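Below is one structure, written out as structure tokens; the observations come after it.
The values are calculated or read from the model by the stated rules, or taken from the named source; none is laboratory data. Here the structure is a predicted model, which is why all the values come from computation and not from measurement. Glycine also receives a Cβ, built like all others from the backbone with ideal geometry; neighbour counts cover every protein chain displayed. The accessibility values were calculated without ligands, DNA or RNA, using every heavy atom of the protein model including side chains. Shrake-Rupley method; radii C 1.70, N 1.55, O 1.52, S 1.80 Å.
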Amino acid sequence: MKSVFSILVLSLFFSSMKATELITPLPQNIKYDKNRAILGKKLFSDPILSLDGTISCESCHSLKQSGADDKKFSYGVGGKIGTMNSPTVFNSVFNFSQLWDGRAKDLKTQAKISLFSSTVMAMDSIEVIKKLKNDIYYKKEFSTLYPDGVTIKNIIDAIVEFEKALVTPNSKFDKFLRGDLNALNEQEKQGYKLFKSYGCISCHNGVNIGGNLYQKLGAIKPYLGTKNQFGRYNVTKNDEDKYYFKVPTLRNIAQTAPYLHDGNATDLEDAIEIMLEYQLGRVASREDIEYLKLFLNTLTGKRAKILGEEF
Ligand code: HEC
Ligand code: HEC
């Protein structure tokens, strides 16, 4: 009830004001250490980091598919299937915590979870150091960039330095936010208006258009798909946190299907309809759903370049 009320109040509030400042454009200049990021990029895409040498971070976070994969659930080492849809790694540096339930406080904690989790890369800390020290490229790069050479801390540091570079600025919508009012056409502007008036913006806001709060999936109407996934409750063990998940970023959303932590929404229309029904208790016309979709399409940004190469 509390959340129903707050969403109603917030959506009234947002539709009555010029809400552009609730979403801010991505920074165009991002700070990261280039050499460590290049090493991190190599590690990110190298199956050497998994126990059986078959899986890299990129297996589930394809850099060509906007940082996610196209599966409902991803396969880790030994064909083990996960239970959560892989989110994008693009712009994840701007999330206030990592993972659907926020159990990783930052990217470093998150990268360790992927590396050592038995259903992901199942790596062993002694084994990974041995493998990298036996590799001519890694041995040399680590000793050039870090005084103590190959260590778990340095492996994680390099990967995270690369992740900091995975920012996708200059989407049509960011250009619009920066004052280029022609960057969106009339239909896209209508979609943005609806995004505010339906109240989507009450949960999806900030620089990542998400990533800055936990909200219940099923805020208005119970979402039955989540029976076995408790979200934030995993971390806090408070009953009130059951079915709360980190509100995901909507940046590059047109490219990261399927959607939701359970991968149950196969396309963008599905995801929009689920949001309207379960998060807002609204029924929208086909036309409005189409406008919302056109707006979401404007959130696709440009991939940054590392040493002149697109990541
Ligand atoms: C087998 C597939 C798989 C591999 C390999 C994998 N990930 Fe993930 N990644 C996932 C899934 C699934 C989630 C969501 C899990 C959850 O929330 O419980 C995730 C979540 C993340 C997130 C959090 C994003 C957010 O919005 O919360 C980041 C960052 C990330 N992975 C980076 C990495 C890095 C770095 C590596 C390599 C060290 C890696 N991943 C390897 C599947 C994978
Ligand atoms: C009450 C908060 C709330 C409102 C309002 C809301 N959302 Fe969401 N949205 C969420 C949460 C939480 C998730 C993640 C749910 C999950 O999978 O566990 C989500 C997920 C999504 C996704 C899928 C993202 C992905 O990467 O899987 C899309 C797309 C989306 N929302 C768009 C919208 C649109 C469009 C509206 C308005 C019609 C809207 N949302 C309204 C909280 C909200």
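Numerical summary
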quantity: Yes/no for residue 102 being within 16 Å of ligand 2 (Cβ to nearest atom), more than 20 Å from residue 232 (Cβ to Cβ), touching a Phe, Trp or Tyr at 6+ places or on another chain (Cβ under 8 Å) and of a type outside the set (Val, Ile, Thr); calculated: no
quantity: Lone unmet requirement of (1) open to solvent by less than 20 Å² (accessible area, probe 1.4 Å); (2) within 30 Å of residue 181 (Cβ to Cβ); (3) at pLDDT 95 or above for residue 95; calculated: (1)
quantity: Residue tally, condition in contact with a Ser or Thr (Cβ under 8 Å, 6 or more places away or on another chain) and either among the small types (Gly, Ala, Ser) or in the same structural domain as residue 89 (by TED's automatic domain parsing) (or both), over region 256-297; calculated: 1
quantity: Pairs with Cβ under 6 Å, 6+ apart, first in region 51-67 and closer than 15 Å to residue 168 by Cα, second within 12 Å of ligand 1 (Cβ to nearest atom) and open to solvent by 20 Å² or more (accessible area, probe 1.4 Å); calculated: 66/88; 67/61; 67/88
quantity: So residue 150, is it among the aliphatic types (A, V, I, L, M), within 20 Å of residue 76 (Cβ to Cβ) and not assigned by TED's automatic domain parsing to the domain that holds residue 189; calculated: no
quantity: Matching entry among 146, 137, 192 (being farther than 28 Å from residue 231 by Cβ and within 22 Å of the chain's Cα centre (by Cα)); calculated: 192
quantity: Per-region count, region 104-154, residues within 23 Å of residue 89 (Cβ to Cβ), without any contact (Cβ under 8 Å) to a residue 12 or more places away in the chain, in contact with a Lys or Arg (Cβ under 9 Å, 6 or more places away or on another chain) and part of a helix (DSSP H, G or I); calculated: 2
quantity: Of all residues in region 259-272 being in contact with a strand residue (DSSP E or B) (Cβ under 6 Å, 6 or more places away or on another chain) and not hydroxyl-bearing (Ser, Thr, Tyr), the one that is farthest from ligand 2 (Cβ to nearest atom); calculated: 265
quantity: Elements of type helices (runs of 4 or more DSSP H) contained in region 194-311, each with 1 or more residues being open to solvent by 20 Å² or more (accessible area, probe 1.4 Å) and modelled with pLDDT of 95 or more; calculated: 268-274, 286-297
quantity: Matching option when the condition is in a loop (DSSP other than H, G, I, E, B), more than 28 Å from residue 178 (Cα to Cα) and more than 16 Å from ligand 2 (Cβ to nearest atom), among 26, 51; calculated: 51
quantity: Test: residue in region 118-126 that is modelled with pLDDT of 95 or more and either more than 21 Å from residue 256 (Cβ to Cβ) or open to solvent by 50 Å² or more (accessible area, probe 1.4 Å) (or both); calculated: no
